[in-house]
1. Per residue, how much space in cubic angstrom lies within the convex hull of the C-alpha atoms of the stretch 565-711?
2. Just the number, please: carbon plus sulfur as a percent of the accessible area of the stretch 569-634, 1.4 Å probe, no ligands or DNA/RNA counted.
3. What percentages, rounded to whole numbers, describe P(r) for the stretch 153-213 computed over all alpha carbon pairs with 5 Å bin width beginning at zero?
4. Extension gain THR737-LYS97, at 0.36 nm per residue separation less the Cα-Cα distance, in nm?
5. Can you tell me the accessible area per residue over the stretch 628-756, all protein chains present, probe 1.4 angstrom, in square angstrom?
6. Which parts of the stretch 292-332 would a label at ASP635 reach, counting a residue when its backbone N lies under 17 Å from a point 7 Å out along Cα-to-Cβ?
7. I'd like to compare 641-647, 268-274, 560-566: which one has the highest average count of other Cβ atoms within 10 Å, and what's the full order after that?
8. Please find the FRET efficiency linking VAL321 to LYS156, where r is the Cβ-Cβ separation and R0 is fixed at 60 Å, and quote it to the nearest 0.05.
Amino acid sequence: MPTVVSKFMEKTEQALHINRTTLSGAVVAAALFAYTYKVAYPLITRRDDVTNINNNLVKKNVQTQNGVKLKNNLSKRQRLRTTIPALNLQFILQFIKLVRIMIPNLFCAEIGLLTGHTTFLFLRTFLSIYVANLEGAIVKYIVRKEPKNFSKQLMKWFAVAIPATFINSMIKYLESKIALSFRTRLVDHSYKLYFKNQSYYRVTVLDGRLDNCAQRLTDDIETVASTVSHLYGQITKPMFDILLMAIALANLVKSRNANLITGPAIISGVVVFSALVLKLVSPRFGQLVAQEAEKKGYLRHVHSRIVSNAEEIAFYGGHKVEQSQLRSAFRILSQHLEHMFGVKLWFVMLEQFLMKYVWSGTGMIVVSLPILLAAGPLSNTPKPTKLMNLPLLGDDPSVALSAAKMVGGDAQDSVSERTHYFTTAKNLLLTGSSAVERLMSSYKDIVELAGHTARVANMFTVLEEASKGIYHKTMVEKKEKCGDLEIEFKGDQPLAKGKMIISTNNEIILKDVPIVTPNCDVVCPSLSLELKPSQHLLITGPNGCGKSSLFRILSGLWPIYGGELHSPKNSMFYIPQRPYMVIGNLRDQIIYPDTATDMINKQITEDDLLKIMRLVHLEHIVERDTFHQVKDWTDILSGGEKQRMAIARLFYHKPKYALLDECTSAVSIDVESFIYQTAIDMGITLLTITHRPTLWKFHTHILQFDGAGAWKFDQLNANNRLSLKKEKEELLKKPSTLETTQRLNELNKLLGEDHN
């Protein structure tokens, strides 16, 4: 490479007729200018960003009162917080919250692991000092040409290697154990919040603050735990190293009768200057890392959508659209990563320049000062060099013996003694500078940790609020009044002022309960009805009238914005049109959400399960796969088999009320009628959404929505309704006239069906 550069410079010199020295100086000056611009650019950008943030905050604080604009000046503390968006009071509070979760008390296992880790870090620092002194002694005996003493020191070197390697391995092992323990604590806490009061559903449907919650529960928690564990060692050991190395270096310099102030003052000045420069030009790593996690989560979300809807995409042939969306998501991520790499390139370059070259040069100056500017002879009587008054080091008798053999000036300040000092001081200084470098580099890791900490802490906050019924969702349109219903808002969020009361007589009573979607769309402003056990309810109406929404309100999934709902506790079982198949064996599909232990406690046997499977005409699956066969039942079972499996769950649990939402649409009519009659015989009260007239005879009451917010609750006359249905079918076969159209509209209104 140097040859290529030399030839290039030679050709350029001949072509432009410029002196080689001038050309080299111009190249170096251009490189320095480019480097200075690149280093200063983040600082300029940051100042511009801070100015914009301050201007925006000032604009927000401008209020109009009686036609006069009032301007609230930002405090100095607010302006300081905007300059450091990651390392602020909010990050500290969030981190303390996570630490309390990871270390719940002073007598937990994590404290024991941290204590052991700290002990091994302290021992490793002592070994570093001992090895530095040992290496200096080895070099000294090489210079003196004393093979016997050299062999003794070399044997010590190999002997100390055994505990040193063990300590290093234990440090890494304990760091991994601490990271796993921290992660376990965070995962346990997050899972507890995630499943508390159905928060997993609420944060997805009712709250809009958590994007890609699965990524926060997995990747972000793992990153926080591993980073905290790594930072503990990365900060603790350098502090031990700096403290003990400073003491050792002070004793070593004192033994040379040198000034104890000059060296530390020079080193401190250079370190402080480097820290100020790095902090001044440091990019916003916390914000960059948080944005990277968000973009990775979005890419994973696009992939999961394709996996979940693969069949529909294949039917439509939508692979081009999906591929373009994947490419777009990956391109956004790659562009952000390229930006991060570019920012880190120049920052790491400046960091390495200061910490490796500037510090190394400063270290050579400080180490050489006691030799070049020695105040006088070491002492009248040669003594062995001491690093520090610690039993671990002690005095080296071999040094004293060899020093006693010297005479004259050579005995007082021999070449070997200076070599011993220089080698030992250099090793100690290198260890100390490495410790300071790790401390300063940890600032970048802490800022990156702030990004992941904010995501995890925010997730915990949202899950806690969602479990208490506190939601924040972006409203498409803020409707405070719809008919007689008036929704009260606090800020931009609606207040759920309705009451849910546990019924004592197992009846379902709705008193002026509105049906309102999570987006605050009012489907029905007020609904009132009373349903007792054995009063089977048929729910009809056009699409979007609130039939399925009523089931969500009865189950407690959606908040109640008004009125009162009286409902028995743990007495409803919901079966959708597309049932959910769990991971497990065939028995788990039937007893879900019970476990095998719950089934035993209920004194239900597999013979009872076989009887249930016969009721839903699925005994052939038991004969084929047995109850203990684990398979992917979502793909194995057909649509009708999955619906009958869901009915088997209903017969297993035998709830007081069954919420059936088109749950037998893929089942034959004869099997469907048998299933409904069996459920009634078991004492299960049915609340059914269906379009099949064959099921009307199994219901005693009807709730009919008209799609415009009105409803009608009455007893069901199945025969009269069947005659109306038959009349509608006959009119549809006739040519369309004004009279037939009017009659069809009347029939659709009476039947509560869509116009078709």
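1. Spelled out: Cα convex hull of the stretch 565-711, divided by residues, is 133 Å³.
2. Whole-percent figure for carbon plus sulfur exposure: 50.
3. 4, 14, 12, 12, 9, 8, 8, 7, 6, 5, 5, 4, 3, 2, 0
4. 223.2 nm
5. 50
6. Answer for this model: 304-315.
7. Ranked by mean Cβ neighbours within 10 Å, highest first: 641-647, 560-566, 268-274.
8. FRET efficiency, VAL321 to LYS156: 0.25.
The values are calculated or read from the model by the stated rules, or taken from the named source; none is laboratory data. The shown structure was predicted, so the numbers you read here are calculated from the model rather than taken from an experiment. Note: ideal-geometry Cβ built from the backbone for every residue, glycine included; neighbour counts use all protein chains shown. In case anyone asks, the SASA skips ligands and DNA or RNA and just uses the protein heavy atoms, side chains included. Shrake-Rupley method; radii C 1.70, N 1.55, O 1.52, S 1.80 Å.
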